[in-house]
Amino acid sequence: MGPSAVTLGDVAPESRVVVGMAPVLVMATIALWALAYVVTSSGQWGDHLEQFVWAHGVEWGYHKHPPLPTWMLAAAIAAFGPSIYWADALGAVCFFGTSWFTWAIARDLLGRPTAALALLMLSLGHSFTARASLFNHNSVMLLTVSGTAWCVISALKPGRHGVAWCLAGIAAALAVLSKYQALVPLAGIVLGAWWAGELAAKRARRGLALSIAIAAILLAPHFVWLASHVAALEYATQMGRSLNAAERTWNVCSFLAQQLRFLIGPFLLFGLLAVAPGRRPDVNTGDEHRQRAWLVGLIAFPLCVTVLTGPLFGIELQNHWGYQALQFVSVWLARRLRPIAPVAGARWIFIALAVHAVLLTLSIADAESPAGNVKSRVDGRYPAQAFADAVLADWKHDTPCPLRLVVGPSFEAGVVSVYNGGTAQVLEGGNRMKSPWVAPTALERLGAVYVAADPSTLPNKGVTTVNWMNVGVATPQGAPSRIYWAIAPPQSCDVP
């Protein structure tokens, strides 16, 4: 923080309490949004089921993604036992941590009062509201990237030793192990530090080299794994797919429009605070060049790289890529609201809570609305427990053996496993390349439940029961989706 940055002493006394309350308020709103999703949902996020499926095997990588999120879920299950709520809890923990790191970054760059505003705006972003319970590679990437940025900013402070740089290297490795896209914001962190002039000192350059070396060592086992599992890299790079010129233009426009939609909450709070009475004359909030340099590295660079990926390489931009590209936009918005106390006292809190209340009301109303429309399946409306109970009832009718294996798509097969105690392994798509922890002889020894949306893909030999149920999600033809399953019991329950 620059020597002339605004401190609590520069803020009106009645607003100091608000500055102190902001972190607590944000943690409470994240918990509230996560709880609201759990209470109003009859299913799980599709990404949750994927993680539950993979957590049966601790690997150096999985067929679509790096391993860190799956390791986290597997650790929670190993430590506390299986539960359908672990993914929701881990999602909230990721957003708790991201909030703290973002607050600490804004504090060190802009001072505590501005950091409080940044935190209030961050809490209104789409990933911190409607998706506050979502645990996937994006939520873990937000946590680890923000942690890396804070570690680097901390390491650059005078008097800091190599420990801070070591932590930065560890955090950077964890970011890449969460999602390969993390390489873009990690490069932006280095760019921000360089443009701010903070890598001019030899000590800083040595520290950065130490961080990179530590990250490379920690990532080596995964890259060795990746060399023989190129499917994960192909998935990340959309290998074999390319948009034409018109599709690229439309994709970029659609992507940017979605990012604006995701940021409605922060921009709404920004606008309300900007026009609120009680503004003071502008004041110096610290080293302007340093602040601009870091904001370019944290926001402008990853956003530009992400957006240009589409038109330059024909890769289809995914809307969720914007969560990372714009994860620090609240810091920029707060800086634009200088001076730091645009409204007096608790009105900060009241305005932020009012925006939260509006968004939460709309979200709950949408969750409670009938699902009889032509949209694709909404995971939160899936009758997960009813489906899992129906499958288990047929299994118990046909065999006294415990259910140990489910074969089918990760979502539907994952539902059967997770909502029946989570102990049954899933052979994803019947492909052992996707589920290498399932033994080659498992089908013969353990029997299995086969799950499919198309009954023609179910086995016609060795099965005792074939059944189906409507899952209550509309199709474009107006009929509810139907899921099928077949029971293939083992010949004996005495398995090693």
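In straight-distance terms, cross-link reach from K179 covers every one of the lysines whose alpha-carbon lies under 24 Å from its own, apart from those fewer than eight places away in the same chain; here that gives K64, K434. For segment 119-273, the Cβ-based charge dipole about the Cα centre amounts to some 380 debye (Lys, Arg positive; Asp, Glu negative; other atoms uncharged). Working note: Karplus 6.51/-1.76/1.60 with θ = phi - 60° gives segment 481-491 the couplings 5, 10, 10, 10, 8, 9, 9, 10, x, x, 6 Hz, where Gly and Pro are set to x. When the accessible area of the chain is computed with all protein chains present and a 1.4 Å probe, what percentage of it is carbon and sulfur? That fraction is 66 percent. T464 contributes about 80 Å² of solvent-accessible surface, heavy atoms of the protein only, 1.4 Å probe.
The phi-based Karplus calculation (6.51 cos²θ - 1.76 cosθ + 1.60; θ = phi - 60°) puts the 3J(HN,Hα) values of segment 126-138 at 4, 6, 9, 10, 4, 10, 5, 9, 7, 10, 8, 5, 6 Hz, whole numbers, x for Gly and Pro. If I fit a long axis through the Cα atoms of helix 347-368 and take the longest principal axis of the Cα atoms of the chain, what angle between them do I get, 0 to 90°, rounded to 10? Orientation of helix 347-368: about 20 degrees from the principal axis. Solvent-accessible surface of protein heavy atoms, probed at 1.4 angstrom with all chains present, puts I315, I170, I189 in the order I170, I315, I189, largest first. For K396, a cut-off of 17 angstrom between C-alpha atoms picks up these aspartates and glutamates, skipping any fewer than 8 places away in its own chain: D494.
Ordered by 1.4 Å accessible area with all protein chains kept, F255, F96 run largest first as F96, F255.
Per residue, the chain reaches -18500 deg cm²/dmol at 222 nm when only DSSP H runs of four or more residues are counted, each adding -39500 (n - 2.57).
For V407, nonlocal amide neighbours, meaning residues 5 or more places apart or on other chains whose placed amide H falls under 5 Å from its own, are L427, V449, Y450, V451. Helix 13-40 axis versus longest C-alpha principal axis of the chain: approximately 10°, rounded to the nearest ten.
Taking only alpha carbon atoms, the chain gives an Rg to Rh ratio of 1.01, where Rh is the Kirkwood radius.
Accessible surface calculations at 1.4 Å, restricted to protein heavy atoms, place the chain at 43 Å² per residue.
Put the Cα centre of segment 159-233 next to the Cα centre of segment 100-140 and the gap is 22 Å.
Database remark: amide H of T465 closer than 5 angstrom to the amide H of I487 (H placed geometrically; neighbours at sequence offset of 5 or more, or on other chains; Pro and chain starts carry no H). Straight Cα distances below 17 angstrom link K157 to the lysines K202, with same-chain residues fewer than 8 positions distant left out. When both bridge partners sit in the chain, DSSP labels roughly 65% of those beta bridges antiparallel. Could you tell me how many degrees, from 0 to 90 and to the nearest 10, lie between the Cα long axis of helix 301-313 and the main elongation axis, the longest principal axis, of the Cα atoms of the chain? For helix 301-313, the angle is close to 50 degrees. Taking amide H atoms as placed 1.01 Å from N in the peptide plane, the amide H of G472 lies under 5 Å from those of S481, each 5 or more residues away in sequence or on another chain.
Accessible surface comparison of H161, H320, H289, H137, probe 1.4 Å, protein chains only, largest first: the order is H161, H289, H320, H137.
The values are calculated or read from the model by the stated rules, or taken from the named source; none is laboratory data. Fair warning: this is a prediction, and the values are worked out from it, not measured in the lab. All Cβ positions, glycine included, derive from the backbone under ideal geometry; neighbour counts span all protein chains shown. Surface accessibility is based on the protein's heavy atoms, side chains included, excluding ligands, DNA and RNA. Shrake-Rupley method; radii C 1.70, N 1.55, O 1.52, S 1.80 Å.
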